[in-house]
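Asks: I am attaching a structure below and will ask some questions about it afterwards.
Computed from the coordinates by the stated procedures, all read-outs in this text should not be read as laboratory data. All values derive from a computational prediction rather than experimental measurement. Cβ placement follows ideal geometry from the backbone for every residue including glycine, while neighbour counts extend to all protein chains displayed.
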Amino acid sequence: MNDRNFRQGAGTIAKIDLNKVPRFSELPIKPDKPKESSWGVFGDDDELGCLNFLTPEGVIEAARLVRKGSVFRLDTKINYANPPLFARPPARHNIMSFESFGLLGFDDSLDSYNTQEGSQWDGLAHVGSPRYKAFYNGVKSSEIKDGPGGRLSIHKWANKFVGRAVLLDAFRYRISHGRTIDPLTSEKYSLDDLKETAVAQNVELKPGTILLIRTGWMQAYLAASPQHKAAMAPLGAFKACGIEDSSAMVEWFWDHRLAAVGTDCPAVEPWPWDFSNEGALHYRTLCLLGLPIGEQFNLEELAADCAADKRYEFMLVSVPMNLEGGIASPPNAVAIK
C-alpha cells in the first residue's frame, strides 16, 4: 500500500502517501533544517518521529503473524545489572503492610528507580543536538519538562508501539561464519553485517517494521562472573559492542521506513561513544530522524526460537510508561509468534 494513516502530534491521524515521504538523500525538506534530519516531514509540531510509520493497517498485518501463540518477554528483570550500569543507583524495592489498618495486604514501591536502568526505549527528549542546541523537530530544552505540557514526552507513545517486528541475529550470523566478536568490548557491527544477516534469514524490512538486533552483549553479560561484572561497573572501565554510527546506517534505517530499532547492548552504538562527535548514532537517530532506539533488550529466548523455526518476524507489543513528561521507559514489550 502506498497510502498509510500516520498518527501525528499527540495522536491525530493524517493521510500521507509513502511515495511522497522523502528518501534520506533528499533530507532535509527545508534548507533551514539540519542536514540529514527529518524535521518537518511529519509536520512542524510532530512529536512521534518514525513511530508515524506504525499504522492501524500495520497492527492488523502484525496480528496475522501470530501462528503458535508463543509469547516472549523482552524486558530484563529490574536490577538485573549488578552493580548497575553507568553508575546509576540500584532500585530499592519496598513492601509495605496494611496490618496497622486492620487489613491483610501489602503495597510496594520502588525508590531510586531509573527508567533506563535496564531494558529501555530512549524517548526523543533523551538526547539533543550539540550543534543545533535542540531536540527532534527543533524542540528546545526549555520545553522538556515534567507534566502534560512536556514536549516529546514518552507518554505520547503509550498506545502506539504495536506492529510487525523482525529480529536480525547478527551475533549468531557472524559466529556461524567464523567471524568472532567479543561483545564485552567496543567492537562494531557494520551495515554489511546487518544486510548479510537479513539475507541469510530471508528477512524483509517493510515500512513500519520494528527492528530488533541481537549483538550478543546481553548473553555475554549474563554469563559473566560477579567479579567481571564488578570490574565493568566503573564508567571508565565499561565497554560494550554496538552497531556502526555511519550516515549509511541511518540512511538504511530511514529508507526502509523503520519505526524503531532495539538492541540487546547498552547503547545501540559501541560504548563508550564520544559525546562531542556530531555523527554519533544517538544524535543521528533520536534527534535528527526522530527514530526511537532501544537498549538492553533480552532477546535470548526469542533468538533461540527464531533459529529453531526459521521465522524471524512476529508481532511486537510494547506499552511505554504513561508518564507525562517522561524521558524514557522500560519497553514493557512482548514478541508474539
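Asks: Can you tell me what share of the DSSP beta bridges in the chain is antiparallel? A percent to the nearest 5 is fine.
Replies: In the chain, DSSP labels about 75 percent of beta bridges as antiparallel.
Asks: For the pair K145 and R73, how long in nm is the line joining their label points, each one 7 Å along Cα→Cβ?
Replies: Output for this residue pair reads 3.8 nm.
Asks: Which residue, I175, L281, G216, has the largest displacement toward the positive end of the dipole of the chain when charges sit on each Cβ (Lys, Arg +1; Asp, Glu -1)?
Replies: Among I175, L281, G216, the one farthest towards the positive end of the dipole of the chain is I175.
Asks: Determine the shape class of segment 265-335: with a ≥ b ≥ c the square roots of the Cα gyration tensor eigenvalues, call it rounded for a/c under 1.5, and otherwise prolate if a/b is greater than b/c, oblate otherwise.
Replies: Oblate shape, in that a/c is at least 1.5 and b/c is the bigger or equal ratio.
Asks: In addition: How big is the dipole moment of segment 236-337 about its Cα centre under a simple scheme where the beta carbon of each Lys and Arg is +1, that of each Asp and Glu is -1, and everything else is neutral? Debye, nearest 20, please.
Replies: It comes to approximately 180 debye.
Asks: Moving on to the next point. Looking at segment 136-213, which GluC sites (Glu not before Pro) are in a loop (DSSP not H, G, I, E or B) and have at most 13 other Cβ atoms within 10 Å?
Replies: Passing both the DSSP loop test and the Cβ count: E204.
Asks: Please report, to two decimal places, log10 I(q)/I(0) for segment 82-124 at q = 0.13, 0.19, 0.27, 0.30 Å⁻¹ as given by the Debye formula with identical point scatterers on the Cα atoms and no solvent.
Replies: -0.44, -0.68, -0.94, -1.05
Asks: A follow-up question, please. Name the shape class, rounded, prolate or oblate, that the alpha-carbon gyration tensor gives for segment 136-234, where a ≥ b ≥ c are the square roots of its eigenvalues, rounded holds for a/c under 1.5, and otherwise prolate holds if a/b is larger than b/c and oblate otherwise.
Replies: oblate
Asks: Stretched out fully, how many nm does the piece from K195 to S112 gain, at 0.36 nm a residue minus the Cα gap?
Replies: So the extension gain works out to 25.9 nm.
Asks: Moving to a separate point now. What's the longest uninterrupted piece of the chain once you rule out the chymotrypsin sites (Phe, Trp or Tyr not before Pro) that are loop residues per DSSP with at most 15 other Cβ within 10 Å?
Replies: 99-274
Asks: Please work out whether segment 186-242 counts as rounded, prolate or oblate from its C-alpha gyration tensor, where a ≥ b ≥ c are the square roots of the eigenvalues and a/c under 1.5 means rounded, while otherwise a/b larger than b/c means prolate and anything else oblate?
Replies: Prolate.
Asks: Straight-line reach from K229: which lysines have Cα under 23 Å away, leaving out those fewer than 8 places along the same chain?
Replies: Once the sequence-local lysines are set aside, what remains near K229 is K77, K188, K239.
Asks: Give me the one-decimal nm value for the distance between modelled label points at E204 and A233, 7 Å along each residue's Cα-to-Cβ direction.
Replies: If labels sit at E204 and A233, their model points lie 4.9 nm apart.
Asks: To continue, here is another question. Using a Gaussian network model on the chain with a 10 Å cutoff between Cα atoms, which of P183, P148, P292 fluctuates the most?
Replies: Its mean-square fluctuation being the largest, the pick is P148.
Asks: While we're here: Give me R257, R179 ranked fewest to most by other Cβ atoms within 10 Å of their Cβ, as a rough exposure proxy.
Replies: Going from sparsest to densest Cβ surroundings: R179, R257.
Asks: Suppose every Lys and Arg Cβ carries +1 and every Asp and Glu Cβ carries -1, with no other charges. What dipole size does the chain come out with about its Cα centre, to the nearest 20 debye?
Replies: About 440 debye.
Asks: Given R₀ = 51 Å, what would the calculated FRET efficiency be for F98 paired with E244, taking r from the Cβ atoms and rounding to 0.05?
Replies: After rounding to 0.05, the efficiency reads 0.45.
Asks: By how many nm would the segment from A223 to D45 grow when fully extended, if each residue of separation counts as 0.36 nm and the alpha-carbon distance is taken off?
Replies: The span from A223 to D45 would gain 59.6 nm if fully extended.
Asks: Take K20 and V59, extend 7 Å from each Cα along the Cα→Cβ direction, and tell me the distance between the two endpoints in nm.
Replies: Once both label points are built, they end up 2.5 nm from each other.
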